[in-house]
1. Only residues in the stretch 230-246 that are under 10 Å from W292 (Cα atoms) count as the first member; pair them with residues that are outside any strand (DSSP E or B) and open to solvent by 20 Å² or more (accessible area, probe 1.4 Å), Cβ under 7 angstrom, at least 6 apart or cross-chain, and list the lot.
2. Could you say whether any residue in the stretch 198-208 is at pLDDT below 95, more than 18 Å from the chain's Cα centre (by Cα) and either at positive phi or of a type outside the set (F, W, Y) (or both)?
3. I need the full set of residues from the stretch 485-496 which are more than 12 Å from H438 (Cβ to Cβ) and modelled with pLDDT of 85 or more, in order please.
4. State all residues of the stretch 290-317 that are farther than 21 Å from W146 by Cα and of a type in the set (V, I, T); if no residue qualifies, say none.
5. Cβ-Cβ under 8 Å, sequence separation 6+ or interchain: first residue in the stretch 184-206 and farther than 15 Å from T382 by Cα, partner of a type in the set (S, T, N, Q) and open to solvent by less than 90 Å² (accessible area, probe 1.4 Å). Which pairs?
6. How many residues are in contact (Cβ under 8 Å) with a residue 40 or more places away in the chain and of a type in the set (F, W, Y) when one looks only at the stretch 346-390?
7. Restricting to the stretch 265-313, name every residue that is open to solvent by 10 Å² or more (accessible area, probe 1.4 Å), closer than 17 Å to Q233 by Cα and of a type in the set (S, T, Y).
8. Looking only at the stretch 95-118, count every residue that is without any contact (Cβ under 8 Å) to a residue 12 or more places away in the chain and open to solvent by 60 Å² or more (accessible area, probe 1.4 Å) and tell me the total.
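The values are calculated or read from the model by the stated rules, or taken from the named source; none is laboratory data. Here the structure is a predicted model, which is why all the values come from computation and not from measurement. Neighbour counts are summed over all protein chains in view; Cβ atoms, including those assigned to glycine, are modelled from backbone coordinates with ideal geometry. Ligands, DNA and RNA are stripped out before the accessible areas are found, and what is left, the full protein with its side chains, is counted by its heavy atoms. Shrake-Rupley method; radii C 1.70, N 1.55, O 1.52, S 1.80 Å.
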Amino acid sequence: MALLLSCVLGPRLYRVYRARGAGGARGERGDAGWDSYYQPRALEKHTDSVLALASVLWSLSYYVSPLAIFYLYRKGLLTLSRVVPLSHCAGAVALLLAGVACLRGLGRWTNPQYVEFISVLEQSHRLGTPESKRKLNRYSFDFRSWPVDFCWDSDGPAWGGSRSVPLLRPRPEPREPWWGRLMGAPGRLGRLILARTLGRRLLFPGSVRLLQRALLPTLLQGQARLVEEFDGQRAKLLACDGNEIDTMFIDRRGGSDPRGSTLVICCEGNAGFYEVGCLCTPLEAGYSVLGWNHPGFFGSTGVPLPQSEANAMDVVLRFALQRLRFPPQRIVVYAWSIGGFTATWAAMSYPELGALVLDASFDDVLPLALKVLPRSWSNLVTRTVREHLNLNNGEQLCRYQGPVLLVRRTRDEIITTTTPDDIGSNCGNELLLRLLRHRYPRVMAGEGAAVVREWLEAAPAEQSAVAARCPMDERWCRETLSAFAGDRDPQFPWGLGEELHPEQRRQLALFLAQQHLQDFEASHCSPLPPQAFRPPRAL
């Protein structure tokens, strides 16, 4: 009876991965069992389809409920005499679905493959040994039932036991009198609701459940590739706010390639998942990789807001440092697009990290939000973003002292103007200028900033002409930077540049821009090829 109850209440099983063959190798794609989807029996299959349809209808009703309630109110249908029968119908439907779930459990109970899986799952929850976790990693199932592998305070809380990690906050506005705060309360409440509903879904569309359902076969196939081809190890991390973060680790240490001793932590875009996202670039380049999904994305719980994003990044870094035992100098944080927020937060909060690579990212989300929304909404959008959705990548980046590389997509569609292919409005330009102005303020004064901006706004074919007007002695630039660096703590900002001639400042500024920026001729969503991925080194 206990086993039958476990089958009724157990998670949905998607795949059963192939066991490793002799010598520790995975088979070829032609091997039997490559398409290792779990095959439910007839009763489980049909009842599962009914429950999946009910789940989709529930999701649709959730998104259209505001319009439906408004329509029913206008038609006068929201009366007690009409609502009570509807509640009775809803109760009957709930009982019917509970019966369908029991029938599904009966179908699972008669399937030896599912019974074996539920035994492994219960053993992993009960024992939590490496052997039980290894067996559990052979299965892909609803991640809500996966046991927690690592908790944020396993080695003691770093933030004084707080349920959230520190964020950079916008400058506080002058304190209003009590009557002003009272009058402004409805506006603040409206902005909060806007940010938590429409705003965060526009900013992170990957958190929409309907989109995740549509992508489910692709995500499962990508997950199977990581596990079966690269021996990926899935883990659930518990963040300080209670969110559960879905991660995937591929360990390349111990191999012949020295790049395997470096861990690349990958931060995906606003509709990206580690199963099919930017993780593939450093993975194919030979590095050890750790991917994770944003809160609310596929296996991760919660909602993607700046605070929950930073909380998730914190537990991922703790997992890499404390459980995986990578030294901080051997960790590179790689981010694509909106993932630059968590990447720059990590670099700011863990300054001993080895390097930071930002691909197709931006310095501030506000100009992008103002571009896509009506101009009449500008005041509302500005205050909503600053109060609740403040992705201030540039400000966080300037708090990091280590090596930084920015990858700029020369045909990026995510720009701050409506002019197509306007490389002068590329979001990476302001991010680079902000970084250089912070680190080398006197080099970037006047003519230094002017030549860098001219170089950034030039088309790729014209950049060499801009550089030719300012001949560069690379050896002199490196020697000048090396002689000034010395043993500085903190290293930046530098006072170098005031004693230089204007021509030398232009030369050094252009050299620094070229060292921190890598152009890639592609659109925003094109994957970065592995040969183009190169962690930066200190100058």
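1. These pairs meet every condition: A235/D149; K236/V148; K236/D149; L237/D149; D246/F298.
2. yes
3. Once the filter is applied, which keeps residues that are more than 12 Å from H438 (Cβ to Cβ) and modelled with pLDDT of 85 or more, the stretch 485-496 yields G495, L496.
4. none
5. From residues that are farther than 15 Å from T382 by Cα, the pairs are R201/S207; F204/N270; P205/N270; G206/Q212; G206/N270.
6. So the count comes out to 1.
7. If the condition is that a residue be open to solvent by 10 Å² or more (accessible area, probe 1.4 Å), closer than 17 Å to Q233 by Cα and of a type in the set (S, T, Y), then Y287 is the only one that fits.
8. So in the stretch 95-118, the residues without any contact (Cβ under 8 Å) to a residue 12 or more places away in the chain come out as 95-96, 98-99, 112, 116.
Now narrow it down to the ones that are open to solvent by 60 Å² or more (accessible area, probe 1.4 Å): 95-96, 112, 116.
So the answer is 4.
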